[in-house]
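The values are calculated or read from the model by the stated rules, or taken from the named source; none is laboratory data. Just so it is clear, the model here is predicted, and its values are computed rather than measured. With ideal geometry, Cβ positions are generated from the backbone for all residues, glycine too; neighbour counts draw on all protein chains shown.
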Amino acid sequence: MSAPIDEFHYDGRADALEEIVRAGRPRVMRGLVKHWPVVAAASVSTQSFAEALALMDNGTPVDVLRMPPDADGVVGYRGEAEAFNFTHHRVSVTQALQRLLMVAGQGDAPGVALQSAPVASCLPSFLDRHAMPLLDAGIQPRLWIGNRVTTPAHCDEYHNIACVACGARRFTLFPPEQIGNLYIGPLDFAPTGTAISMARLDQLDDPRYPRLKAALEHALVAELAPGDAIYIPPMWWHHVASLGSLNALVNYWWKQPQGDGLVPASRLGGLLHAILLFKSLPPAERAAWRVLFDHYVFGDEDPAAHIPPARRGWLGELDAEQTAKLLERIRQFL
């Protein structure tokens, strides 16, 4: 039902990242970070990887989730979404690794997931010997470690390059338009900080989610080994399954610069504002606003093409001064 993710061979070209981003499609890059020392350690054993990482740990507490065995390692909800299915802890990277190694041989091991730890804060020396070839050093990585844990489909508004450092991960990606077939959960009660699919890919016959099979017809899948990396474009839904008793991922999020740094970094506020303003309108009025948004925001044609360039104002190219005035005007409406 699914198709493989296209692969991109990085040969050191300076414009490689630009080419990948411009295509706007996921890409797998085999062996992109095979030169990393921690990848070499992982090729020896998970114990060697854990020891190599622990040597860089400065003891800073990081976020770790623990799930009971009956959660099957799937990050999500209990019951009718009345609570999350994990407990939250703050421990060091070394303590998390020790816990993972301790439960590795258990048949009913709890799910353990170290989530989105800023590498510069907890493993600062990692940065010196683990360069990301495609990205500027100013884009800071984050660390994810766990056992057989699955993060259901979710999306980010950032560009993302994720590198497998230990173990294996299966990525199942869906284009943005599949949102209606993925049964996304609450926006304001999300276990991972961003809304996730409430449907499980290993339970396709769940009668609550009949359109999930339709989403899988558009899915792209790749399994990554240590040293491999994947580029995930903004707003693509990605389901990530860790396949071993100890898995580690290092990812890099970034955004293309916009508005001379004056434009808010997150677009989520715009979505939430739109829900508040337009969701409850009568159908005809809501449809009229949809036309305006398509015309001014989402359409491919320039809505100001007929206006003299000197009078295009907020519909034209915004400089820092115009952006500041537009932001001030927006604040007057709030």
Quick count over region 8-32, residues being surrounded by fewer than 13 Cβ atoms within 10 Å (Cβ to Cβ) and among the charged types (D, E, K, R), is 6
Scanning region 157-187 for residues that are without any contact (Cβ under 8 Å) to a residue 40 or more places away in the chain and of a type in the set (A, V, I, L, M) gives Ile184
Matching residues in region 189-204 (out of contact with any helix residue (DSSP H, G or I) (no Cβ under 9 Å at 6 or more places or on another chain) and either more than 13 Å from His239 (Cβ to Cβ) or not polar (S, T, N, Q) (or both)) number 8
From the option list Arg286, Arg312, Arg329, single residue qualifying as charged (D, E, K, R) and touching a Lys or Arg at 6+ places or on another chain (Cβ under 9 Å) is Arg286
Reported set for region 127-150 where residues are modelled with pLDDT of 95 or more and small (Gly, Ala, Ser) is Ala131, Gly146
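Being in contact with a His (Cβ under 6 Å, 6 or more places away or on another chain) and within 24 Å of Glu217 (Cα to Cα) narrows it down to one residue among Thr172, Thr151; which is it? Give the steps one after another, and end with the answer.
Working: Thr151 fails: in contact with a His (Cβ under 6 Å, 6 or more places away or on another chain).
Going through Thr172, Thr151 in turn, the sole match is Thr172.
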Per the list (1) without any contact (Cβ under 8 Å) to a residue 24 or more places away in the chain; (2) in a loop (DSSP other than H, G, I, E, B); (3) not assigned by TED's automatic domain parsing to the domain that holds Gly24, residue check on Ala287 breaks on (2)
When restricted to Arg267, Arg329, Arg311, the only residue surrounded by 12 or more Cβ atoms within 10 Å (Cβ to Cβ), out of contact with any strand residue (DSSP E or B) (no Cβ under 6 Å at 6 or more places or on another chain), of a type in the set (D, E, K, R) and outside the structural domain of Asp156 (by TED's automatic domain parsing) is Arg267
